[in-house]
Amino acid sequence: MQVSGFTFIRNAIKFDYPIVEAITSILPLCDEFVLMLGNSEDETRKLIENIGSPKIKIYDSVWDDSLREGGRVLAVETDKALDKVSHNSDWAFYIQGDEVVHEKYLSNITSAMEQWKDDKRVEGLLFKYKHFYGSYDYVGDSARWYRQEVRIIRPGAEIRSYRDAQGFRKDGRSLYVKPVDAEVYHYGWVKPPSKQQEKRKYFQSLWHDDDWLKNNFGEENEFDYSAIDSLAKFEGTHPAAMLKRINEKHWTFNHNLSQKKLGFKSRFKLGFEKAFGFRLWEYKNFKLVK
């Protein structure tokens, strides 16, 4: 079985992305890893090169910052990376720059790839998600966070990144997938408040024009993490790849877990989910293979 990893990144240092941790967390599963490096203002290339793995292949790209419709540039860059993946690979593992896989799941992922490798009905593999917020001690537990997404697909199968690169589609339709007993740890909402604000301003510019940005961000230089609807305490362990970053954390965020800012609809959805294990009105960009 041959496996390729792939991703894109730009200004990883400037926006404090755990891209090294993301890559190294799945590198043991990969025979090659394709990285599409956007035109950066920092030393992102050096950061990636210092990983020191011959598996990593870096390709240069220039982002089209005029693509402001729904974050389309992110999907374009994802497709550029996917197009560089070896068509001899059985699977292509997509990891974004703020996502990390715990090493405890690697054997489960390998087993799933082996199990479904020759079943061509299966176009991708579906992962569960855990979203960290504010610090490494809290996870989002409201219905605003997506619970599942496709992260392993078949390369060379006319599969394209969809919308803002959160998922994939083939010929405009959702992929047929099988679930994997594994989680992706999403750390996109864990950064120093100044870095989080800077990153949000930039990425909102991929969706909105300059007037919108001026009206919605003003002069605030730090992100206010307290404006969150609901969090839970994280009780598990973090991936080994993240431990150095966690130990170097230099800001404080404490949250009162009893503080819930949920409207009636959100409370109803969460209550229903806890009672029946099913989320009402959940967006699903995939179809499970029976």
Residue-ordered couplings for the stretch 226-233, obtained by feeding phi - 60° into the Karplus form 6.51 cos²θ - 1.76 cosθ + 1.60 and rounding to whole Hz (Gly and Pro as x), are 6, 7, 10, 6, 6, 9, 10, 6
So which chymotrypsin sites (Phe, Trp or Tyr not before Pro) in the stretch 133-198 pass both tests, a DSSP loop state and at most 11 other Cβ atoms within 10 Å of the Cβ? none
Out of the stretch 134-192, which GluC sites (Glu not before Pro) are coil in DSSP terms and have no more than 14 other C-beta atoms within 10 Å? E158
Can you give the calculated 222 nm mean residue ellipticity of the chain, where each DSSP H run of n ≥ 4 adds -39,500 (n - 2.57) and the sum is split over every residue, rounded to the nearest 500 deg cm²/dmol? -7500 deg cm²/dmol
Once you have the alpha carbon radius of gyration of the stretch 155-231, what is it after dividing by 2.2 N^0.38 Å, with N set to its residue count? 1.51
Cα-based reach from K261 at 30 Å (exclusive), listing lysines while leaving out same-chain residues under 8 positions away: K128, K130, K191, K195, K199, K201, K214, K233, K249, K269, K274, K284
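Only bridges with both residues in the chain count here: give the DSSP antiparallel percent, nearest 5.
If we restrict to bridges inside the chain, about 45 percent are antiparallel.
Could you give the length gained by full extension between S86 and F276, i.e. 0.36 nm per residue of separation minus their alpha carbon distance, to one decimal place?
Here the answer is 64.1 nm.
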Size of the dipole of the stretch 3-189 about the Cα centre, Lys and Arg at +1 and Asp and Glu at -1 on the beta carbon, nothing else charged, in debye to 20? 520
Which ³J(HN,Hα) values, rounded to whole Hz and listed in residue order, are derived for the stretch 194-208 from phi using the Karplus coefficients 6.51, -1.76 and 1.60 in 6.51 cos²θ - 1.76 cosθ + 1.60 with θ = phi - 60°, glycine and proline given as x? 5, 5, 5, 5, 5, 5, 5, 4, 5, 6, 5, 5, 7, 10, 10
At q = 0.10 Å⁻¹, what is the log10 ratio I(q)/I(0) for the stretch 3-189, with the Debye formula run over Cα points and no solvent? -0.37
The stretch 210-290: GluC sites (Glu not before Pro) in DSSP loop, at most 14 other beta carbons within 10 Å: E219, E220, E222, E235, E248, E282
Taking every Cα atom in the stretch 171-216, find the radius of gyration and the maximum pairwise distance Dmax, and write them in Å. 16.7, 44
Mean separation of Cα contacts under 8 Å (6+ apart) over length of the stretch 3-189, as relative contact order %: 26
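The numbers here are math on the coordinates, done by the rules we state, and not lab data. Worth saying up front: this structure is predicted, and the values here are computed from it rather than measured. Ideal geometry is used to build each Cβ from the backbone, glycine not excepted, and the neighbour counts take in all protein chains shown.
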